[in-house]
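A.B. asks: Have a look at the structure that comes next, please.
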Amino acid sequence: QVQLVESGGGLVQPGGSLKLSCAASGRNFSTYALGWFRQAPRKEREFVAAISWSGGATYYADSAKGRFTVSRDNAKNMMYLQLNDLKPEDTAVYYCAADTSRGNTVVVRPTFYKYWGQGTQVTVSS
């Protein structure tokens, strides 16, 4: 079993920044495909960012490009999402996700991820 725990969410004003963290349990973190998703009230869960095993490949949703940065530290079993220039429409619960059988690639479809964290709330409001 892979367990994921998100942290770092909170309340921030428009234009502000937050850094989200995802701590993972497991013996082979360096081989997990990892991603971030978010879900706003009454909306479907949507893709935000993904990163390959090594961190050498990343992919972002159009809404995240230029503002968000995903990274991972395999030595610490951690993944991060730096959120910059936050907007009210970024308000959502942010989830990290992992899969152990997708190879060293980016995974953008939520149905391709087996393991999910409980989420961390990001609220952007003035």
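A.B. asks: Only one of these conditions is not met by Ser52: (1) at pLDDT below 95; (2) open to solvent by 40 Å² or more (accessible area, probe 1.4 Å). Which number is it?
C.D. replies: Result: Ser52 passes all but (2).
A.B. asks: If we scan the stretch 26-42, do we find a residue that is open to solvent by 40 Å² or more (accessible area, probe 1.4 Å), in a helix (DSSP H, G or I) and over 30 Å from Ser126 (Cα atoms)?
C.D. replies: Checking the stretch 26-42: at least one residue is open to solvent by 40 Å² or more (accessible area, probe 1.4 Å), in a helix (DSSP H, G or I) and over 30 Å from Ser126 (Cα atoms).
A.B. asks: Could you list, in sequence order, the residues of the stretch 73-92 that are more than 15 Å from the chain's Cα centre (by Cα) and in a helix (DSSP H, G or I)?
C.D. replies: Pro88, Glu89 - these are the residues of the stretch 73-92 that are more than 15 Å from the chain's Cα centre (by Cα) and in a helix (DSSP H, G or I).
A.B. asks: Then there is this: Please specify each residue of the stretch 58-89 satisfying the condition of being surrounded by 18 or more Cβ atoms within 10 Å (Cβ to Cβ) and without any contact (Cβ under 8 Å) to a residue 40 or more places away in the chain.
C.D. replies: Once the filter is applied, which keeps residues that are surrounded by 18 or more Cβ atoms within 10 Å (Cβ to Cβ) and without any contact (Cβ under 8 Å) to a residue 40 or more places away in the chain, the stretch 58-89 yields Tyr60, Ala64, Phe68, Val70, Arg72.
A.B. asks: If I filter the stretch 102-120 for residues that are at positive phi and modelled with pLDDT of 95 or more, do I get at least one hit?
C.D. replies: Yes, some residue in the stretch 102-120 is at positive phi and modelled with pLDDT of 95 or more.
A.B. asks: Of (1) under 21 Å from Gly16 (Cβ atoms); (2) touching a Pro at 6+ places or on another chain (Cβ under 8 Å); (3) surrounded by 22 or more Cβ atoms within 10 Å (Cβ to Cβ), Tyr94 satisfies all except one. Which?
C.D. replies: Evaluating Tyr94 over (1) under 21 Å from Gly16 (Cβ atoms); (2) touching a Pro at 6+ places or on another chain (Cβ under 8 Å); (3) surrounded by 22 or more Cβ atoms within 10 Å (Cβ to Cβ) leaves (2) as the failure.
The values are calculated or read from the model by the stated rules, or taken from the named source; none is laboratory data. Predicted model, so just to flag it, every value in this text is computed and none were measured. Cβ coordinates were reconstructed from backbone atoms using ideal geometry, including for glycine residues, and neighbour counts include every protein chain displayed. Note: accessible area is taken over every heavy atom of the protein model, side chains too, but ligands, DNA and RNA are not part of it. Shrake-Rupley method; radii C 1.70, N 1.55, O 1.52, S 1.80 Å.
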